[in-house]
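**Q** Would you mind keeping the following structure in view while I ask a few things?
The values are calculated or read from the model by the stated rules, or taken from the named source; none is laboratory data. Values in this document were obtained by computation on a predicted structure and should not be read as measured data. Every residue, glycine among them, receives a Cβ derived from its backbone with ideal geometry; neighbour counts consider all protein chains shown. These area figures cover heavy atoms from the full protein model, side chains too; ligands, DNA and RNA do not enter into them. Shrake-Rupley method; radii C 1.70, N 1.55, O 1.52, S 1.80 Å.
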Amino acid sequence: MRDLLTELMLIPGLSGYEARVARAIAAHLDSMGLPHTSDRLGNLSCTIPGDPALPSVMIFTHMDQLGFIVRKIEPTGLIRLERLGGVPERALPSQAVVLSTDEGDIPGVIANKSHHATTPDEKYKVLPYADLYVDAGFTSKSEAEAAGIRIGTPVTYLPRVVPLHGTRLAGTSVDDRAGCAILLALARARQGKPGPTLHLVWSVQEEFNLRGVLPAATALQPAIALQIDLLLACDTPDMTTRGDVTLGGGPGISLYSFHGRGTLNGVIPHPALVRLMEDAATAANLPLQRSAHTGALTDLSYLQFMGPEGIACLDVGFPMRYSHSSLEVVDTTDLDALTTLLDTALDHITPDLQLTRHA
């Protein structure tokens, strides 16, 4: 798991530019002998056929990461950015980035005004992203363009992995390359096992508009959908009032999510799926953490309304610290445990699983 996560975190994959990540995942599926398809939006899907008497299950996670788009190249060769996704402006100055061109990846740094020239009023001021610029070493606009930089070039945090103590890792795009690694591990675990038809989907554009997975769900028409994503770890001083989820405390489920900023949407999970995960955790002798948060949203919130009956939905996740920063932190034991939880839950799906809420 650690090696797989490291491999995936080192691949840039801005929303709308996930092809390199998809190719790496597809290569792993090929090595397992599992067929896969891609749709016009770029979602990567793999179906493991199962018992038609059981409700079909789609488990998905997103390949993309947040970042920037080049919006202007200054005559000096400095580069202005447009933000893509929930990038925290207060964490941007002096961050290393990579500009992914057709000719290759070009490193750069988001400039931070020299400390010796900073006025007292500027010392505690967060600059809007539109005021920031990237220095990639170019001395002119023509030099930058000759290197392949264009308006629209995708820009992400410079991919890095920093091993921490024990089983913990800091890295770029743990959200949601950890989910991608879990889904690959689950694909390997489910080969040759009885159970429901299982659709595994690595989706696109979650960080952009939360709707990239919809074409895949439309084509697959699952009865159940499980989304793998982060759970906000609440075991640091700045997060203790937000909940009880702890890093290294095992996998978890979301009992409530609501965005509340710009959109009235979220997920109140299907009670039968909550019970399914609780039973699976007991059977596998795993802890099961519980999360309820305002301010977070996944694309599951849109998927639940699809089809004539809707889809039974539940967000499952792994604890993660420092979301959307350039170095997020995860404990790989939580990822292994979440893989086991999902595998066990699939074994516990029976024909009498009641998906009508009020029957």
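**Q** Could you please give the count of residues in the stretch 207-221 that are closer than 29 Å to His348 by Cα and either touching an Asp or Glu at 6+ places or on another chain (Cβ under 8 Å) or open to solvent by 10 Å² or more (accessible area, probe 1.4 Å) (or both)? Lay out the reasoning, then the answer.
**A** So the first thing to find is which residues in the stretch 207-221 are closer than 29 Å to His348 by Cα, and the list is 213-221.
Then keep just the ones that are either touching an Asp or Glu at 6+ places or on another chain (Cβ under 8 Å) or open to solvent by 10 Å² or more (accessible area, probe 1.4 Å) (or both); that gives 213-216, 218-221.
Of the residues in the stretch 207-221, 8 are closer than 29 Å to His348 by Cα and either touching an Asp or Glu at 6+ places or on another chain (Cβ under 8 Å) or open to solvent by 10 Å² or more (accessible area, probe 1.4 Å) (or both).
**Q** I would also like to ask the following. With the stretch 151-193 as the region, which strands (runs of 3 or more DSSP E) entirely inside it contain at least 2 residues that are more than 27 Å from His36 (Cα to Cα) and open to solvent by 30 Å² or more (accessible area, probe 1.4 Å)?
**A** On the way: elements: 154-157, 161-163, 168-171.
Here the list reads 161-163.
**Q** Hey, could you check the stretch 121-139 for residues that are open to solvent by 30 Å² or more (accessible area, probe 1.4 Å) and of a type in the set (Gly, Ala, Ser) and say which is nearest to Phe208 (Cα to Cα)? Please lay out each step first, then the result.
**A** Step one: of the stretch 121-139, the residues open to solvent by 30 Å² or more (accessible area, probe 1.4 Å) are 121-131, 133, 135, 137-139.
Next, from what is left, pick out any that are of a type in the set (Gly, Ala, Ser): 130, 137.
Working: Ala130: 18, Gly137: 29 Å.
So the residue we want is Ala130.
**Q** Looking at (1) closer than 27 Å to Val204 by Cα; (2) in contact with a helix residue (DSSP H, G or I) (Cβ under 6 Å, 6 or more places away or on another chain); (3) in a loop (DSSP other than H, G, I, E, B); (4) hydrophobic (A, V, I, L, M, F, W, C), which one does Leu264 not meet, given that it meets all the others?
**A** Status for Leu264: all satisfied but (2).
**Q** What residue, of Pro107, Pro75, Pro55, is more than 16 Å from the chain's Cα centre (by Cα), under 21 Å from Ala225 (Cα atoms) and modelled with pLDDT of 95 or more?
**A** Pro55
**Q** Give the number of residues within the stretch 275-324 that are closer than 19 Å to Gly248 by Cβ and part of a strand (DSSP E or B).
**A** 9
**Q** OK, next. In the stretch 45-65, which residues are in a loop (DSSP other than H, G, I, E, B) and either open to solvent by 10 Å² or more (accessible area, probe 1.4 Å) or of a type in the set (Asp, Glu) (or both)? Break it down into steps so the answer makes sense when it comes.
**A** Going residue by residue through the stretch 45-65, those that are in a loop (DSSP other than H, G, I, E, B) are 49-50, 52-56, 63-64.
Listed by number, the residues that qualify are Pro49, Gly50, Pro52, Ala53, Leu54, Pro55, Ser56, Asp64.
**Q** Another one. Going through the stretch 338-359 one residue at a time, which ones are within 27 Å of Leu10 (Cβ to Cβ), surrounded by fewer than 23 Cβ atoms within 10 Å (Cβ to Cβ) and not polar (S, T, N, Q)?
**A** Across the stretch 338-359, the qualifying residue is only Asp343.
**Q** For Asp244, are the conditions met, namely being among the charged types (D, E, K, R) and over 17 Å from the mean Cα position of the chain (by Cα)?
**A** Details: among the charged types (D, E, K, R): yes; over 17 Å from the mean Cα position of the chain (by Cα): yes.
Yes; evaluated as a whole, the condition is true for this residue.
**Q** Still on this structure, please answer the following. Out of everything in the stretch 80-120 that is assigned to a strand (DSSP E or B) and touching a helix residue (DSSP H, G or I) at 6+ places or on another chain (Cβ under 7 Å), what residue ends up being most open to solvent (accessible area, probe 1.4 Å)?
**A** Here the residue is Arg83.
**Q** List every residue pair whose Cβ atoms sit under 7 Å apart, with the two residues 6 or more apart in sequence or on different chains, where the first one lies in the stretch 311-324 and is over 13 Å from Met58 (Cβ atoms) and the second, anywhere, is in a loop (DSSP other than H, G, I, E, B) and small (Gly, Ala, Ser).
**A** Between residues of the stretch 311-324 that are over 13 Å from Met58 (Cβ atoms) and residues that are in a loop (DSSP other than H, G, I, E, B) and small (Gly, Ala, Ser), the close pairs are Pro319/Ala233; Pro319/Gly249; Met320/Ala233; Arg321/Ala233; His324/Gly86.
**Q** If Gly248 passes every condition in (1) assigned to a loop (DSSP other than H, G, I, E, B); (2) surrounded by fewer than 15 Cβ atoms within 10 Å (Cβ to Cβ); (3) touching a residue at least 24 places away in the same chain (Cβ under 8 Å) but one, which one does it miss?
**A** The number of the failed condition is (2).
**Q** Looking only at the stretch 276-318, count how many residues are surrounded by 13 or more Cβ atoms within 10 Å (Cβ to Cβ) and more than 20 Å from the chain's Cα centre (by Cα).
**A** 16
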